[in-house]
1. In the set Phe77, Phe72, Phe85, which member is open to solvent by 10 Å² or more (accessible area, probe 1.4 Å) and either closer than 27 Å to Leu5 by Cα or touching a Ser or Thr at 6+ places or on another chain (Cβ under 9 Å) (or both)?
2. Looking only at residues that are touching a residue at least 40 places away in the same chain (Cβ under 8 Å) and under 14 Å from Ile164 (Cβ atoms) in segment 187-203, which one is most open to solvent (accessible area, probe 1.4 Å)?
3. Which condition breaks for Ser99 when tested against (1) among the polar types (S, T, N, Q); (2) surrounded by fewer than 24 Cβ atoms within 10 Å (Cβ to Cβ); (3) in contact with a His (Cβ under 6 Å, 6 or more places away or on another chain)?
4. Filter segment 1-30 down to residues that are at pLDDT 95 or above, in contact with a Phe, Trp or Tyr (Cβ under 8 Å, 6 or more places away or on another chain) and either open to solvent by 40 Å² or more (accessible area, probe 1.4 Å) or in a helix (DSSP H, G or I) (or both), then give me how many there are.
5. Name the one entry in Glu68, Glu106 that is among the acidic types (Asp, Glu) and under 15 Å from Pro12 (Cβ atoms).
6. Return the pair list, or none, for Cβ contacts closer than 9 Å from residues in segment 46-72 that are farther than 16 Å from Ala98 by Cα and touching a residue at least 60 places away in the same chain (Cβ under 8 Å) to residues that are open to solvent by 50 Å² or more (accessible area, probe 1.4 Å) and of a type in the set (Phe, Trp, Tyr), at least 6 apart or on different chains.
7. Restricted to segment 31-63, and to residues that are part of a loop (DSSP other than H, G, I, E, B) and at pLDDT below 95, which residue is surrounded by the most Cβ atoms within 10 Å (Cβ to Cβ)?
8. Given the conditions (1) assigned to a helix (DSSP H, G or I); (2) under 22 Å from Thr35 (Cβ atoms); (3) in contact (Cβ under 8 Å) with a residue 24 or more places away in the chain, and given that His149 satisfies all but one, which numbered condition is not satisfied?
Amino acid sequence: MNFTLLITIGAPLVIIAFIVYSDKFTEPLDLVLKTFFLGIFLCIPAGLLNDLLIQSPDQSYFAGLTEESLKFIVLYFYIRPKAAFNEPMDAIVYGTIASLGFATLENLTYVFSGSSEVDSFTIAVIRAISAIPLHACCGIIMGYFFGLHIFLGSKSALIKSLIIPISIHATYNYLTGFGFLWFYFLFAVMLYAQSLHKRVADLQQTKLMERENQII
């Protein structure tokens, strides 16, 4: 039970820790925590919307629309006005935290709805290498393009920050019905998200002060 819980909660928290500490200019702890718990809260409206839209397992791709849209709302309406939100990396940090806050509660729900300890452990391990990285990647990608919009004024990037994560999430959910196709797709998404994060992180290392403007 304890080891299963450790994997269930630990997988998203490890990714959050990596993203937070990859930021050269550390974000305020209170805003990090509030964003995480706001992500958890998103499970409530997401569950209600998914119940309305998803009438059968083969319609699980609708979850991409509901869940990523709600995460986008957090970035746009909650994070964007904050004084601490003042450079491109911040968009990636908070986008990932909101995504993984959501994923943490979702993970607990899936893992501990099983009928036995073995079932729960297996689900925890599978989700640690599948759904959790997916949510993290969607948060990174959303944050990257959201940062382009906010700090470079790109209107097309704002659209991409919503449409690309929705498309990725929906495609992943759809492919889970076709053997291991989801794995190859997720691997490609992880490489893409890693490249975007590295691009921003590398440029951030050249900055002396957080508020310096950069082209990313």
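1. Details: Phe77 fails: either closer than 27 Å to Leu5 by Cα or touching a Ser or Thr at 6+ places or on another chain (Cβ under 9 Å) (or both); Phe85 fails: either closer than 27 Å to Leu5 by Cα or touching a Ser or Thr at 6+ places or on another chain (Cβ under 9 Å) (or both).
Just one listed residue meets the conditions, Phe72.
2. Going through the qualifying residues, I end up with Tyr192.
3. Every condition holds for Ser99 apart from (2).
4. Residues meeting the conditions: 3.
5. Details: Glu68 fails: under 15 Å from Pro12 (Cβ atoms).
The conditions single out Glu106.
6. Asp58/Tyr174; Ser60/Tyr174; Tyr61/Tyr174
7. Of the residues in segment 31-63, the ones part of a loop (DSSP other than H, G, I, E, B) are 42, 54-56, 60-61.
So of that shortlist, the ones also at pLDDT below 95 come out as 54-56, 60-61.
Numbers: Ile54: 16, Gln55: 9, Ser56: 6, Ser60: 18, Tyr61: 20.
Per the stated criteria, the residue is Tyr61.
8. (3)
The values are calculated or read from the model by the stated rules, or taken from the named source; none is laboratory data. Owing to the predicted nature of the structure, the values given are computational and were not obtained by experimental measurement. All Cβ positions, even for glycine, are placed from backbone atoms using ideal geometry, and neighbour counts span all protein chains on display. Calculation scope for accessible area: heavy atoms of the full protein, side chains included, ligands and nucleic acids excluded. Shrake-Rupley method; radii C 1.70, N 1.55, O 1.52, S 1.80 Å.
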